[in-house]
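These notes concern the structure reproduced below.
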Amino acid sequence: MSSAAHFAGASPLDAHLARRAHRLASSKTRRPSPRATSSSRVASIAASVSGSGRPTARTHVDRGVAAEGIEVASAGAPSRFARRELFALAAAALASPAAMVPAGAANAAASAVDTPQARAALREALVANVVKTKAPAVLRLVFHDAGTRRVASDDGGANASVRFELSRPESFGLKRGLGPVTAVYEATRDGPASGLSFADVIAASGAYAVELTGGPEITSRLRFGRADATAADPENRMPGESASGEETRAAFSAMGYTLAETVCLAGAHTIGGKGFGEPYVFDNEYYKTLLVRPWDGVKNPGATKDDLEMGSHVGLTSDKNLAIDPPSLEVIERYARDQDLFFEDFAKVYLKMTESGATWRGA
């Protein structure tokens, strides 16, 4: 089960405190005075972990009013509702906000995330904080977040767990992409886009990075409302940089991708300075280069030693192995011929990737 599923339900303690709050509220003998209600407020933050330390939603617990409309005893209510229990109730809301929010309110909150105003505010933050030179790193971050998905065990996926995985060897350099994404997230904490999760912002930032470098427009087709994970996903799930074609296909298949989708996602390496055309231009040069194989002296008998030396620095070993993988070659040839088809298919598989394994708030 994904760690994001922490938000799906309440603990027994949470439920007990909520029921006790209702019983005591029902048995109160007189109304709290306005002074008592306003002078003894306990505020707790019920926020998804963002990695930034800033709250995304606030829940107030008064002596007269508890979180999300649940009344509790005031200063004039039965004395057995002690102050320590009030603080315990506030702590429960902090630990598991879903315990204090009725299902209808949760669904309403999720549906309220995606509005024209929210999308406009998000767009403004993306334009201000994601620059072309960081686009490859931002796009790589998206894949590393979603790439922990495993269909067989039904865990991992697009849940912002990548924030807790930066110390892993395969995550080297991801901070370069995380910086702009965090800046977008921080810029949207006030205003109509404040309901977006960190996972939502990761997905949107990668889509904008593709668009910014000349690729297909995907951002407007994204849906929002993902829940954020509170811990890292399982380790050792990212495809190796030296993987054979067969190993790469097996790794992506475990995530739920077809052969064509696997080769299509690999085309993201067209940006990033790996030798597949211009470093900040999203196009189909990745596939054209794989067909030429500039590192292969047998394929290019007229190449000089210097040519082959330069060619050896193109791409990862896994890219080179994909170029000689018979099942993958047909797809490579297809995208090398037709950039529009590559763009169309990439937009589709990007949307799939950013929803793969996601837990949806209010679902």
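Nothing in this text is a laboratory measurement; each read-out follows from the coordinates by a stated rule. It should be emphasised that the depicted structure is a prediction, and the values quoted were computed from it without experimental measurement. For neighbour counting, all protein chains shown are included, and Cβ atoms are generated from backbone atoms with ideal geometry for every residue, glycine included.
So, of the residues in the stretch 296-346 that are over 18 Å from Ala266 (Cβ atoms) and hydrophobic (A, V, I, L, M, F, W, C), which turns out to be surrounded by the fewest Cβ atoms within 10 Å (Cβ to Cβ)?
The qualifying residue surrounded by the fewest Cβ atoms within 10 Å (Cβ to Cβ) is Val298.
Going through the stretch 122-157 one residue at a time, which ones are in a helix (DSSP H, G or I) and exposed (fewer than 15 other Cβ atoms within 10 Å of the Cβ)? Spell out how you get there, then give the answer.
Initially, the stretch 122-157 is screened for residues in a helix (DSSP H, G or I), giving 122-129, 132-146.
Val127, Ala128, Lys132, Thr133 - these are the residues of the stretch 122-157 that are in a helix (DSSP H, G or I) and exposed (fewer than 15 other Cβ atoms within 10 Å of the Cβ).
Checking the condition aliphatic (A, V, I, L, M) and without any contact (Cβ under 8 Å) to a residue 24 or more places away in the chain, which residue from Ala251, Ala232 passes?
Numbers: Ala232 fails: without any contact (Cβ under 8 Å) to a residue 24 or more places away in the chain.
Result: Ala251 is the single residue among Ala251, Ala232 that is aliphatic (A, V, I, L, M) and without any contact (Cβ under 8 Å) to a residue 24 or more places away in the chain.
So Ala152 ticks every box in (1) in contact (Cβ under 8 Å) with a residue 60 or more places away in the chain; (2) out of contact with any Phe, Trp or Tyr (no Cβ under 6 Å at 6 or more places or on another chain); (3) under 23 Å from Phe224 (Cβ atoms); (4) among the aliphatic types (A, V, I, L, M) but one. Which box is left unticked?
(3)
Please go through the stretch 268-295 and give me each residue that is of a type in the set (Val, Ile, Thr), in contact (Cβ under 8 Å) with a residue 24 or more places away in the chain and surrounded by 23 or more Cβ atoms within 10 Å (Cβ to Cβ), ordered by number. Give the steps one after another, and end with the answer.
Residues of the stretch 268-295 that are of a type in the set (Val, Ile, Thr), as a first pass: 270-271, 281, 289, 292.
Imposing the further condition that a residue be in contact (Cβ under 8 Å) with a residue 24 or more places away in the chain reduces the set to 271, 281, 289.
Answer for the stretch 268-295, where residues must be of a type in the set (Val, Ile, Thr), in contact (Cβ under 8 Å) with a residue 24 or more places away in the chain and surrounded by 23 or more Cβ atoms within 10 Å (Cβ to Cβ): Ile271, Thr289.
Of everything in the stretch 158-189, what is touching a helix residue (DSSP H, G or I) at 6+ places or on another chain (Cβ under 9 Å), free of Cβ contacts under 8 Å to residues at least 24 places away in the same chain and in a loop (DSSP other than H, G, I, E, B)? Give them in sequence order.
Leu166
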